[in-house]
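Accompanying notes for the structure given below.
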Amino acid sequence: WNFGHNTLVNIFERVVSAEVEFIELGFLDQRRPFDINRSIMPDTESMRKIYGNLYRKNTKLVGMIDFGTCDLSHIQPASESFLDGIRVIFKKHIRQEAMDFCQQLKDMGYIVFSQLVSITSYSDDELMDLIRLVNKVQPYAVSIVDTYGLLHKNNLFHYYELLDKYVNESIAIGYHSHNNFQLAYSNSIELINYHKDKDRPLLCDGSLFGMGKGAGNAPIELLCMYMNDNYGKQYHISQLLEA
């Protein structure tokens, strides 16, 4: 987590200048002390201490919570918070409690993203139960999280099709890839193309130069380039590629 404050600010400014729609600023974990150089922090107010003087343009700012590591006493109401939204990651065996937590965050005014950690561990029946919970809570988005980079295209499409068929149409679908099989970028663009005629939003996660846990993630600069070339987007890629 110890990127250093200057690097955190630099990445923030580059991604915002590129006009990426959402940027995840770091993890909220009440067990961790505040350190201006680290992207993991104990409460929402710490986000303001690190990033609060920076220009956000139109980018929505979100934090991440691994369910069970940050309770509501450490989270301000959205009207008082530097954050617009919160992403909640959770494994399948605690999906009921985690979705209840998502509802509480939504009640506090946050844009809420329900992130299905290790999607490859879900059976179809378990995923259908999760979908029932999602349709009850109505988060902004529910995301396929390929935590260990195990998905090939056909498996990815299977999970996507279940979500697309049964999740309420007002809820966006997301995809968070890892690159263990060197498929993070290719799977992302395959899913973008597969989804292109749908009305609901699709969110594809990326990280600068693909930096991330283990083998990394889809490089955000490549996703932006693909969207510019194929879908008429106007991301400012040069901002992401500066040394």
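The values are calculated or read from the model by the stated rules, or taken from the named source; none is laboratory data. Not measured: the values here are computed from a predicted model. In this analysis, Cβ positions are derived from the backbone assuming ideal geometry, glycine residues included, and neighbour counts consider all displayed protein chains. In case anyone asks, the SASA skips ligands and DNA or RNA and just uses the protein heavy atoms, side chains included. Shrake-Rupley method; radii C 1.70, N 1.55, O 1.52, S 1.80 Å.
Among V117, V62, V134, V88, which is closer than 20 Å to R200 by Cα and aliphatic (A, V, I, L, M)? Explain how you work it out, then say what you get.
Numbers: V117 fails: closer than 20 Å to R200 by Cα; V62 fails: closer than 20 Å to R200 by Cα; V88 fails: closer than 20 Å to R200 by Cα.
None of the other options fit; the residue is V134.
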Of the residues in segment 206-216 that are under 20 Å from L25 (Cα atoms) and not in a helix (DSSP H, G or I), the one that is least open to solvent (accessible area, probe 1.4 Å) is G216
Matching residues, segment 38-54, being at pLDDT 95 or above and open to solvent by 60 Å² or more (accessible area, probe 1.4 Å):
R38, E45, R48, K49
Determine whether D84 is open to solvent by less than 70 Å² (accessible area, probe 1.4 Å), of a type in the set (D, E), modelled with pLDDT of 95 or more and under 23 Å from Y235 (Cβ atoms).
yes
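Against the definition (at pLDDT 95 or above and either touching a Lys or Arg at 6+ places or on another chain (Cβ under 9 Å) or surrounded by fewer than 14 Cβ atoms within 10 Å (Cβ to Cβ) (or both)), how does L72 come out, yes or no? Break it down stepwise before answering.
Values: at pLDDT 95 or above: yes; either touching a Lys or Arg at 6+ places or on another chain (Cβ under 9 Å) or surrounded by fewer than 14 Cβ atoms within 10 Å (Cβ to Cβ) (or both): yes.
Spelling it out, L72 is indeed at pLDDT 95 or above and either touching a Lys or Arg at 6+ places or on another chain (Cβ under 9 Å) or surrounded by fewer than 14 Cβ atoms within 10 Å (Cβ to Cβ) (or both).
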Which condition from (1) open to solvent by less than 20 Å² (accessible area, probe 1.4 Å); (2) under 23 Å from V88 (Cβ atoms) is the one that L203 breaks?
(1)
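When residues of segment 92-119 are filtered for being in a helix (DSSP H, G or I) and open to solvent by less than 50 Å² (accessible area, probe 1.4 Å), how many remain? So that I can check it myself, show each step before the final result.
Going residue by residue through segment 92-119, those that are in a helix (DSSP H, G or I) are 92-107, 119.
After this cut, where a residue has to be open to solvent by less than 50 Å² (accessible area, probe 1.4 Å) as well, the list is 94-95, 98-99, 101-102, 105, 119.
So the count comes out to 8.
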Cβ-Cβ below 9 Å, separation at least six or inter-chain, first residue in segment 217-243 and open to solvent by less than 80 Å² (accessible area, probe 1.4 Å), second of a type in the set (D, E) and outside any loop (DSSP other than H, G, I, E, B): which pairs?
Y235/E221; I237/E221; Q239/E13; L240/E221
Filter segment 153-199 down to the residues that are assigned to a loop (DSSP other than H, G, I, E, B) and within 16 Å of S114 (Cα to Cα) and list them by number.
V167, N168, E169, S170, I171, S177
The lone exception for A18 - which of (1) open to solvent by less than 10 Å² (accessible area, probe 1.4 Å); (2) touching a residue at least 60 places away in the same chain (Cβ under 8 Å); (3) out of contact with any Ser or Thr (no Cβ under 9 Å at 6 or more places or on another chain) it fails
(3)
Return a yes/no flag: does segment 125-133 have any residue that is within 16 Å of the chain's Cα centre (by Cα) and buried (at least 16 other Cβ atoms within 10 Å of the Cβ).
no
Give all pairs with beta carbons closer than 7 Å in which a residue from segment 184-209 that is farther than 11 Å from K153 by Cα and free of Cβ contacts under 8 Å to residues at least 40 places away in the same chain meets a residue that is part of a helix (DSSP H, G or I) and hydroxyl-bearing (S, T, Y); count only pairs at least 6 apart in sequence or on separate chains.
C204/S188
Right, V167: within 19 Å of the chain's Cα centre (by Cα) and farther than 26 Å from E19 by Cα or not?
yes
Does segment 137-163 hold any residues that are open to solvent by 30 Å² or more (accessible area, probe 1.4 Å) and under 23 Å from F101 (Cα atoms), and which are they?
Q138, Y140
